[in-house]
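Accompanying notes for the structure given below.
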Amino acid sequence: MYADLGLDFLDVRLASALFGLALGVLFGVLAQRTRFCLRRSVAGAPEERRSAAGVWLTALAVAVLGTQTVIALGYVDFSEHRFFVADLPVLAIVAGGLLFGAGMVLTRGCVSRLTVLGASGNLRALTVLLVFAVVAHATLKGVLAPLRTSLGSATVNLGDLTGFAALPGGAWGWTAVLVIVAGAVVIRSGNTPGTLALAALLGALVPLGWAGTGYVLYDDFDPIALESLSFTSPASESLFFVIASSAIPAGFGTGLVGGTLLGALVASLISREFKWASFDSPTQTGRYMAGAAMMGVGGVLAGGCTVGAGLAGIPTLSFAATLALVSIAVGGALTGRLLPEGGATSPSLGGSGAQASKPQALPAE
């Protein structure tokens, strides 16, 4: 369709970067205002889990409905997408999901949430993002790539049964199940209608991303990847675009990360929530760095983060995306239980002497 828009003067990759930038700005604003984060749903303080789950599941329900609609209209085709490979790398997905889930608890946020927090003045979040991007790239193409290929070789052949749409009930039957289950949680979440409306708008960005990259920007002569909201591969791409932009042109992912930072910055300034924050101790720094590395490896092995495999992946009804999100949630929940009640730092996580004998409360997001 791109060739029919009369934008031949604009390279399709540059157009995808601008599209990602626009989508990222919207995501940054909405995520900052709703405090959108899966970690708070599975391992946050008990009093905030229900409301956080309500926000996340509202976005997911809208994303599922929207994505299945664009599929039904024939705008996108996921048959060749990595979410629907016949040989499912089960070991890599489960191990990666558990690692990512544990890492997001140690760093007090998943990658999308940390991107928003970093734009709001949180230097801990920005440092984690840098380490995350480096480790993710090392897992994709660097010294940790052998680990990825080794774990990825353990597969289960699914044949043509790669998603819920192939099961009895079909795509819309399973869509209805997901929406009803999500709705039951949302109703009890205690969120205001305004917050849920913003969460719904955030969820609508997922099908917009799929339709934008898979239909509007589709060009037979210069094809780009079918993408939507995601932060694992885009974080790596953005890092190397910053340090080698003359050799690595910006694409959708780079624009998405940049737009998210910009949108969250503007939202935090307008709401007067921008506030500088940094590390309090070497123990805390070590915990955050460990969590960042775990998320970097885990996000690549699992095939995405809570947004890429979760918010954007689940709406495709893919088994791979579902397994990744479940593994992330389990990893986060288990790690949350292992930490002292109230989120204090365990002495086993670092420190020594008098400092280690007295747990320190984790910092606020």
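The values are calculated or read from the model by the stated rules, or taken from the named source; none is laboratory data. Everything quoted here is computed from the prediction, not taken from an experiment. FYI the Cβ positions are ideal-geometry reconstructions off the backbone, even for glycines, and counts take in every protein chain you see. Calculation scope for accessible area: heavy atoms of the full protein, side chains included, ligands and nucleic acids excluded. Shrake-Rupley method; radii C 1.70, N 1.55, O 1.52, S 1.80 Å.
Listing for the model above:
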{"quantity": "Accessible area (Å², per residue) of the stretch 131-287, counting only protein heavy atoms and a probe of 1.4 Å", "calculated": "51"}
{"quantity": "Low-density loop positions, chymotrypsin sites (Phe, Trp or Tyr not before Pro), the stretch 1-87 - DSSP coil, at most 16 other Cβ in 10 Å", "calculated": "Phe9"}
{"quantity": "For Asp280, solvent-accessible area (1.4 Å; no DNA, RNA or ligand), Å²", "calculated": "110"}
{"quantity": "The stretch 113-131 and the stretch 265-281: distance between their alpha carbon centers, rounded to Å", "calculated": "10"}
{"quantity": "Value of Rg to Rh for the stretch 1-98 (Rh from inverse mean 1/r over Cα pairs, i.e. Kirkwood)", "calculated": "1.06"}
{"quantity": "Difference of contour (0.36 nm per residue) and Cα-Cα distance, Val242 to Leu167", "calculated": "22.6 nm"}
{"quantity": "Ratio of the Cα radius of gyration of the chain to 2.2 N^0.38 Å, where N counts its residues", "calculated": "0.96"}
{"quantity": "Linear extension gain, Glu48 paired with Ala176, 0.36 nm per residue minus alpha-carbon span", "calculated": "43.4 nm"}
{"quantity": "Solvent-accessible surface (1.4 angstrom probe) belonging to His137, in square angstrom, nearest 10", "calculated": "50"}
{"quantity": "Principal axis dimensions, the stretch 162-259 - Cα atoms, whole angstrom, descending", "calculated": "50, 35, 22"}
{"quantity": "Of Val55, Val25, Val185, the one that fluctuates the most in a GNM where the chain has Cα springs shorter than 10 Å", "calculated": "Val185"}
{"quantity": "Kirkwood-based shape ratio for the stretch 68-223, expressed as Rg/Rh from alpha carbons", "calculated": "0.99"}
{"quantity": "Added length on full extension, which subtracts the Cα-Cα distance from 0.36 nm per residue, Ala225 to Lys141", "calculated": "28.4 nm"}
{"quantity": "Loop GluC sites (Glu not before Pro), the stretch 1-82 (other Cβ atoms within 10 Å of the site Cβ: 13 or fewer; DSSP)", "calculated": "Glu80"}
{"quantity": "Percent breakdown of C-alpha pair distances by 5 Å bin, ordered from the shortest bin, for the stretch 111-175", "calculated": "4, 14, 12, 10, 10, 13, 15, 14, 7, 1"}
{"quantity": "Hypothetical label at Ala154: residues of the stretch 73-102 whose amide nitrogen lies under 14 Å (7 Å Cα-Cβ projection)", "calculated": "88-99"}
{"quantity": "Percent of Cα-Cα distances greater than 18 Å, calculated over the stretch 148-204", "calculated": "60"}
{"quantity": "Listed residue (Ile248, Ala290, Ala166) projecting farthest to the positive dipole end of the stretch 147-305, Cβ model", "calculated": "Ala290"}
{"quantity": "Phe279/Val326 FRET efficiency (R0 30 Å; Cβ-Cβ; nearest 0.05)", "calculated": "0.40"}
{"quantity": "The chain: calculated mean residue ellipticity at 222 nm from DSSP helix runs of at least 4, using -39500 (n - 2.57)", "calculated": "-20000 deg cm²/dmol"}
